[in-house]
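Reviewing the structure listed below.
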Amino acid sequence: MPFLSPEGEFNMNEDRRLLAAAEAGQPGWRVYSWAEPCVTLGLSQRPERDLLPEAEIGFAPRPTGGRAVLHGHDITVGLAFPLLLLGLSTGERSVARVYRAAIAPMVVALRAAGIDAMFGDDRPSVLTGGRSSDCFSLLSGNDVINAVTGTKLGGCALKVTETAVLVQASLPVRMPQINTQKVFRLPAAVYPTDIPRELFEQALGQACQQTVMAHA
């Protein structure tokens, strides 16, 4: 059965620290990977409801919303910005506006790394839905997609407070290490993208700094 993952708790707490710093006026970002497979659950999810009872995998609750994400075969990103440094007013609650502003540096970094990335609602014909608890079973206008294939490049989730936003994103770069059918009732298909991590991480830092400087 699913069990609480120490690595998952550590990574989620690190991202919570990013958000706390952003609420104090300090933007931050991190790119990380996982030593072993782990599921992070969205704010409203529960392991007994959203994971298979026989799943032998660690999990950790995320501070952000959205659906469950299986990690271990991905590049994971945490981004946190004061709303003012995204050109948004304090208390801005438009999810679409906050999402666009907060995710934009990641889209820029993916393009710099040679990936043809775009927002889902820039190509509305690809939008789909699903009842699975798996994040990658749903493709929405706010998701980052491959402009050529229309497939989802990354699963992204937000937490917006009165003064700041936290983004948590998962970018699959290889096939999962475990059978997803033993984790989710209706697992999504996985479409990994060969993302050069070093180049992406460098480009992400530059894009985040440029975003902050533009509104400082």
Please work out whether the stretch 113-198 counts as rounded, prolate or oblate from its C-alpha gyration tensor, where a ≥ b ≥ c are the square roots of the eigenvalues and a/c under 1.5 means rounded, while otherwise a/b larger than b/c means prolate and anything else oblate?
rounded
Gain upon complete extension [Ser94, Gln177; 0.36 nm per residue less C-alpha separation]
26.2 nm
Please list the helices of the chain that count as membrane-span-like by this rule: a mean Kyte-Doolittle hydropathy of at least -0.5 together with Cα atoms stretching 24 Å or more along the helix axis, each helix being a complete DSSP H run.
95-112, 197-215
What accessible area per residue, rounded to a whole number of Å², is obtained for the stretch 46-205 using a probe radius of 1.4 Å?
42
Size-normalised alpha-carbon gyration radius of the stretch 67-125, reference 2.2 N^0.38 Å:
1.31
What helix-only [θ] at 222 nm does the chain give? Using -39500 (n - 2.57) per DSSP H run of at least 4, over all residues, to the nearest 500, the answer is -9000 deg cm²/dmol
Two-decimal Rg to Rh for the stretch 1-90 - Kirkwood Rh, Cα set
1.03
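The values are calculated or read from the model by the stated rules, or taken from the named source; none is laboratory data. Quick caveat: nothing in here was measured; it's all calculated off a predicted structure. Calculation scope for accessible area: heavy atoms of the full protein, side chains included, ligands and nucleic acids excluded. Shrake-Rupley method; radii C 1.70, N 1.55, O 1.52, S 1.80 Å.
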